[in-house]
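Notes to accompany the following structure.
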Amino acid sequence: MPGIEKLPLEETLEDSPQTRSLLGVFEEDTAAISNYCTQLYQAMQRIYDAQNELSAATHLTSRLLKEYDKQRFPLGGDDEVMSSTLQQFAKVIDELSSCHAVLSTQLADAMMFPITQFKERDLKEILTLKEVFQIASDDHDTAINRYSRLSKRRDNDKVRAEVVEDVYTSRKKQHQTMMHYFCSLNTLQYKKKTALLEPLLGYMQAQISFFKLGSENLTQQWEDFLGTIGTSVQNVRREMEDEVGQMQQTIQDMERSCDPLYTLCDPDPAHSPVCRSLTRKQGYLYIRNKTGLVSSSWERQYFFTQGGNLMHQSRGEVAGGLVTDLDNCSVMAVDCDDRRFCFQVTSFDGKKVVTLQAESRKDCEEWIATINNISKRIYLSENAEELAARVNQTALEAVTPSPSFQQRHESMRPSSKGRTGRASSISSVGSEPSPALSVLSLDALVAPDTPIQFDIISPVSDENSGQSKTAAQSGRRSNPFGESGENTPEDSEDSILHQLFIVRFLGSMEVRTAETADVISETMRQILAARAIHNIFRMTESHLLVTCDCLKLIDPQTQVTRLRFPLSSVVQCSSHQDNKRLFGFVLQAAGGRGDSRAVCYIFESNNDGEKICDSVGLAKQIAFHSEMDRKAVEKMKEDDKAKEKQQEELSKQKQIEKDLEEQSRLIAASSRPSNPPAPDGQFLVLSSSQSEDSDAGEEGKKRGESEA
């Protein structure tokens, strides 16, 4: 077969207008293939439906002929000759019906299946990749525009670092998406041949098999021809598999080699020195256009040198336009008020001045050195690079910026100090496996057949059902999300900690163990891989409220609580070490730590995953200290009650002693008789008897006290 046209994967990072124009040609070819394949699919579907209808009609005819004997005709019902003849026809037609059924099955497998796969899988995959590539391209343009608008007057390291990180992420995403998109378009050039030949080959083979069942009239020539076609299809398939393998290897090699090129920060001069011997260069630059007497605007265009001319080209244009003549021109770095990495090109007569902005200092110096070499007409010599190396010193003087330019841009370099790790229970999840994974396999962390939940579904518990029943009986409207109308004490505003974060739910799945530190990292890997495999891009945005009692997921529009996680059930919470926006936590089942059921929830935040984990750790510490304080207060109350009870017992004992003393005095007073006056002789007798009575009273008093 003739050569296959291919898109160059090596030019995806440069993203030149020529590459975009070639991509447009491939996209038009893809649209034409899709339209033609749809029409061919409809025609083959009609063939398949007609064959099924023919098979069913033949079977019905055979069945009706067999039932002729069961029919009761008023006239000629006993015609045995007619009956036997129809039975013979029924037998032959029944065999034909079986042949038609076999033909229908062969058409479904050999004709409809290949073209359906090509239409539903391959073409839709390319359309999906096209949409993803367009989104990535738009994000990259937005990030580049934001980076170019950074002001030198109001320099902010944090803002610059965020913008540089955004440019790195968007450029990497655009490059990877573009390479995979190009790979699919190249593969389509092979698949469109097999997609057209395989259904036709299957259709012809099915027809030949059908006719061979009834006749052997077909010649060997057709079989040889079809065999040749089959061999050709197999060769194309093997060639396609080899080409796909080479393209995949090229993509992997380019991803590893082009990773440092995604960032816009100046690389280390030791690893990536400035090349000052260039005589040709191309790339994207910003050009300043005057819009008024004192106002100007910047426009991003693709610039390239062509001989002694500086050309520019916008996206969608077929050819470039002349900017200025570089012969005998002058170029120098300039210090603009609102832009960085700027240089100015002045024509030889001084009538035309062009101010351009590069993406980095290295790119700016290379552009100045290249234009400086072209202005000296070094490109006309045979050994242009050697001659450019000789005048390197002159180019270096033109490239070296002023001291103010140097001092300002030295401060814009990002700091090389890394952030120290947090030594707490809420730790970051690293990309490298911990020592625990050397002993514990990944299957021990997450079950292989565990389903993944990508949407937030509010759990319906018995308590919620009870609340709904109570609300129905009382005539009140129940909340469909399982939340009661009144706030519980745990959800009241008396909590010390209230922090609200914006998060997006990625997924959740049940894990086998909740104590291992690597279970969150493995869950993140599986959920992100599942989203990539199934092309799931939608995420539910919620507000995560962290309090000392629970974690709440709140609907940002209706302010209704979607999920509520008791803080006591959160076993661990950690973030991803490389992607700080990813974090997750493991929720233990209501049965406690002894229960093996645990669920890991994974979320994406706005660059504050570590902050959320710190907040959860702080909430657990506050809850722990609050519980300790509560127990201490309860213990103090119990001690006070014990002291009061002991004091009451002492007071009761004293009161009993007083009552006994009073009772003893009353007994003594009641037992002493009255003594009337008498003569002296009787007085002695009476006094002796009284003494005996008093002694008896004393003994009774002592006896009463002992009994008491």
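The values are calculated or read from the model by the stated rules, or taken from the named source; none is laboratory data. Keep in mind the model is a prediction, meaning the values are calculated, not measured. Positions of Cβ are backbone-derived with ideal geometry, glycine not excepted, and every protein chain shown enters the neighbour counts. These accessible areas exclude ligands, DNA and RNA; they are computed on the full protein's heavy atoms, side chains included. Shrake-Rupley method; radii C 1.70, N 1.55, O 1.52, S 1.80 Å.
Among the conditions (1) surrounded by fewer than 20 Cβ atoms within 10 Å (Cβ to Cβ); (2) out of contact with any helix residue (DSSP H, G or I) (no Cβ under 9 Å at 6 or more places or on another chain); (3) in contact (Cβ under 8 Å) with a residue 24 or more places away in the chain; (4) not aliphatic (A, V, I, L, M), the only one that S542 does not satisfy is (1). Of all residues in segment 638-655, none that is at pLDDT 85 or above has its Cβ atom under 9 Å from the Cβ atom of a residue that is surrounded by 10 or more Cβ atoms within 10 Å (Cβ to Cβ), 6 or more apart or on another chain. Exactly one residue among T263, T228, T305, T279 is closer than 30 Å to D141 by Cα and either modelled with pLDDT of 90 or more or assigned to a helix (DSSP H, G or I) (or both), and that residue is T305. Can you confirm whether A668 is small (G, A, S) and modelled with pLDDT of 85 or more? Considered against the rule, which asks whether it is small (G, A, S) and modelled with pLDDT of 85 or more, A668 comes out as no.
So which residues in segment 558-580 are over 17 Å from Q526 (Cα atoms), in a loop (DSSP other than H, G, I, E, B) and either hydroxyl-bearing (S, T, Y) or touching a strand residue (DSSP E or B) at 6+ places or on another chain (Cβ under 6 Å) (or both)?
Within segment 558-580, just T558 meets the criteria.
Mind listing whichever residues of segment 565-578 are over 11 Å from E610 (Cβ atoms) and either surrounded by fewer than 16 Cβ atoms within 10 Å (Cβ to Cβ) or in contact (Cβ under 8 Å) with a residue 40 or more places away in the chain (or both)? Selection gives P566, L567, S568, V570, V571, Q572, D578. Report yes if I144 is open to solvent by less than 60 Å² (accessible area, probe 1.4 Å), of a type in the set (V, I, T) and either closer than 30 Å to W298 by Cα or not in a helix (DSSP H, G or I) (or both), otherwise no. So I144 fits the description; yes. Looking at segment 317-329 only, could you name the residues that are outside any strand (DSSP E or B) and either within 30 Å of E382 (Cβ to Cβ) or open to solvent by less than 60 Å² (accessible area, probe 1.4 Å) (or both)? Answer for segment 317-329, where residues must be outside any strand (DSSP E or B) and either within 30 Å of E382 (Cβ to Cβ) or open to solvent by less than 60 Å² (accessible area, probe 1.4 Å) (or both): A319, G320, L326, D327, N328, C329. Is it true that R160 is open to solvent by 70 Å² or more (accessible area, probe 1.4 Å), farther than 30 Å from V102 by Cβ and at pLDDT below 90? Considered against the rule, which asks whether it is open to solvent by 70 Å² or more (accessible area, probe 1.4 Å), farther than 30 Å from V102 by Cβ and at pLDDT below 90, R160 comes out as no. Being charged (D, E, K, R) and modelled with pLDDT under 85 is a property that does not hold for D363. Could you please let me know if S615 is within 20 Å of the chain's Cα centre (by Cα) and open to solvent by less than 30 Å² (accessible area, probe 1.4 Å)? It is false that S615 is within 20 Å of the chain's Cα centre (by Cα) and open to solvent by less than 30 Å² (accessible area, probe 1.4 Å). Looking at segment 188-211, can you tell me whether even one residue there is modelled with pLDDT under 70, surrounded by fewer than 19 Cβ atoms within 10 Å (Cβ to Cβ) and more than 30 Å from K130 (Cα to Cα)? Scanning segment 188-211 turns up no residue that is modelled with pLDDT under 70, surrounded by fewer than 19 Cβ atoms within 10 Å (Cβ to Cβ) and more than 30 Å from K130 (Cα to Cα). The residues listed here are A56, A32, A50; of these, the one that is under 39 Å from the mean Cα position of the chain (by Cα) and open to solvent by 50 Å² or more (accessible area, probe 1.4 Å) is A32. A388 satisfies every condition listed in (1) free of Cβ contacts under 8 Å to residues at least 24 places away in the same chain; (2) among the small types (G, A, S); (3) not in a loop (DSSP other than H, G, I, E, B) except (1).
Taking each residue of segment 49-65 that is touching a residue at least 40 places away in the same chain (Cβ under 8 Å) and looking for partners that are open to solvent by 40 Å² or more (accessible area, probe 1.4 Å) and part of a helix (DSSP H, G or I) with beta-carbon atoms closer than 6 Å, six or more apart or interchain, yields S55/A101; T58/L96. Checked against the criterion of being hydrophobic (A, V, I, L, M, F, W, C) and more than 24 Å from R121 (Cα to Cα), the candidates L60, L7 yield just one match: L60.
Checked against the criterion of being buried (at least 16 other Cβ atoms within 10 Å of the Cβ) and either over 18 Å from I374 (Cβ atoms) or touching a residue at least 60 places away in the same chain (Cβ under 8 Å) (or both), the candidates L285, L293 yield just one match: L285.
Open to solvent by 40 Å² or more (accessible area, probe 1.4 Å) and either more than 42 Å from the chain's Cα centre (by Cα) or among the polar types (S, T, N, Q) (or both): is that true of S314 in this structure? Spell out how you get there, then give the answer.
Values: open to solvent by 40 Å² or more (accessible area, probe 1.4 Å): no; either more than 42 Å from the chain's Cα centre (by Cα) or among the polar types (S, T, N, Q) (or both): yes.
Considered against the rule, which asks whether it is open to solvent by 40 Å² or more (accessible area, probe 1.4 Å) and either more than 42 Å from the chain's Cα centre (by Cα) or among the polar types (S, T, N, Q) (or both), S314 comes out as no.
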